[in-house]
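Below: one structure, written as structure tokens.
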Amino acid sequence: MQPGTSRPYPFDAVLFDLDGVIIDTTALYYRVWETFARARGRVPTPAELLATNGRRGSETLQAWFGPGLAESDIAAHMHELDAMVRHQLATEPVSAVPGVHRFLEELRRAGVPWALGTSATAANAELALSRLGLSELFPVRVTAAEVTRGKPDPEVYLKAAAALGVAPSACVVIEDSVLGLRAGRAAGARCLALSTTFPRDVLSNEDPTWLAEDFRSLPFSVSP
């Protein structure tokens, strides 16, 4: 079936990123990265922190501390970073991206399937969703352990679409980052960019299908 056939919206499934799309954790991750870097004598710039969005942690480590960083060091650093993120997620106040609960309910009522495609670890994704009371609504997930290549490679979204049994071209990818939008586009999906993390002009340069502030101002409706 072609996306949008006999439907008021032009897609058959939705592929969600997590951080910055479902849960507002941008500042939380920035605090973790800055604390980690400062402890090692490095002060990341705002641009460097922004560039962490959508990127695998191991790639940020190599960008900040050198491409020659040993695999054992990367593994140890990632273990420490994941623990820091889990602690923050478990103890700090968190909030959903505005309108996401209502949008999920509209998708459910319309019978539109959805999946999660994130660079986060499975444990951190579960904790984030649980904090919002959304864990049971996301049984289909593709997290860091299920992919070998990070965004902007389309692997995460190709696997998420396959898990739903829907062609990527019939999906809409919802992203807040430049790398995520490039991954969605490379997968062949339409893309909805949310300006929750990056400035609108930066996201617009990535030529998303749609651009919105958050789920309260979507340019389409899935309600009957």
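Structure notes:
- Contact map, the stretch 161-180: residues that are over 12 Å from Leu192 (Cα atoms) paired with residues that are modelled with pLDDT of 95 or more and among the acidic types (Asp, Glu), Cβ distance under 6 Å, separation 6+ or inter-chain. Pairs shown: Val166/Asp12; Ala170/Asp12.
- Among the residues of the stretch 11-50, the ones that are assigned to a loop (DSSP other than H, G, I, E, B) and free of Cβ contacts under 8 Å to residues at least 40 places away in the same chain come to 7 in all.
- Within the stretch 175-190, the only residue that satisfies the criterion of being outside any helix (DSSP H, G or I) and touching an Asp or Glu at 6+ places or on another chain (Cβ under 6 Å) is Glu175.
- Qualifying residues in the stretch 169-196 (those that are of a type outside the set (A, V, I, L, M) and surrounded by 23 or more Cβ atoms within 10 Å (Cβ to Cβ)) - the one farthest from Lys151 (Cα to Cα): Cys171
- In the stretch 123-135 there is no residue that is under 16 Å from Gly184 (Cβ atoms) and not hydroxyl-bearing (Ser, Thr, Tyr).
- All positions within the stretch 141-156 that are small (Gly, Ala, Ser) and not in a loop (DSSP other than H, G, I, E, B): Ala144, Ala145
- Residue ID - surrounded by the most Cβ atoms within 10 Å (Cβ to Cβ), chosen from residues in the stretch 201-213 that are of a type outside the set (Val, Ile, Thr) and either touching a residue at least 12 places away in the same chain (Cβ under 8 Å) or in contact with a His (Cβ under 9 Å, 6 or more places away or on another chain) (or both): Leu203
- When the criteria are applied in full, Ala125 meets the requirement of being of a type outside the set (Phe, Trp, Tyr) and in the same structural domain as Tyr157 (by TED's automatic domain parsing).
- A single entry from Ser221, Ser177, Ser217 fulfils the requirement of being over 23 Å from Leu50 (Cβ atoms) and not aliphatic (A, V, I, L, M): Ser221.
- Condition check for Ala193: small (Gly, Ala, Ser) and either part of a helix (DSSP H, G or I) or not assigned by TED's automatic domain parsing to the domain that holds Asp17 (or both): no
- Checking Glu105 against (1) in contact (Cβ under 8 Å) with a residue 12 or more places away in the chain; (2) in the same structural domain as Cys171 (by TED's automatic domain parsing); (3) out of contact with any strand residue (DSSP E or B) (no Cβ under 8 Å at 6 or more places or on another chain); (4) not aromatic (Phe, Trp, Tyr), the condition it does not meet: (1)
- Verdict on Arg216 being touching a residue at least 60 places away in the same chain (Cβ under 8 Å), of a type in the set (Lys, Arg) and within 17 Å of Trp114 (Cα to Cα): no
- Out of Val172, Val166, Val222, one residue alone is in a loop (DSSP other than H, G, I, E, B) and closer than 17 Å to Gly99 by Cβ. It is Val222.
- Residue that is modelled with the highest pLDDT, among those in the stretch 1-42 that are among the polar types (S, T, N, Q) and over 23 Å from Thr143 (Cβ atoms): Thr35
The values are calculated or read from the model by the stated rules, or taken from the named source; none is laboratory data. Remember, it's a predicted structure, so these values are computed and weren't measured experimentally. As a convention, Cβ positions derive from the backbone with ideal geometry for all residues, glycine included, and neighbour counts pool all protein chains shown.
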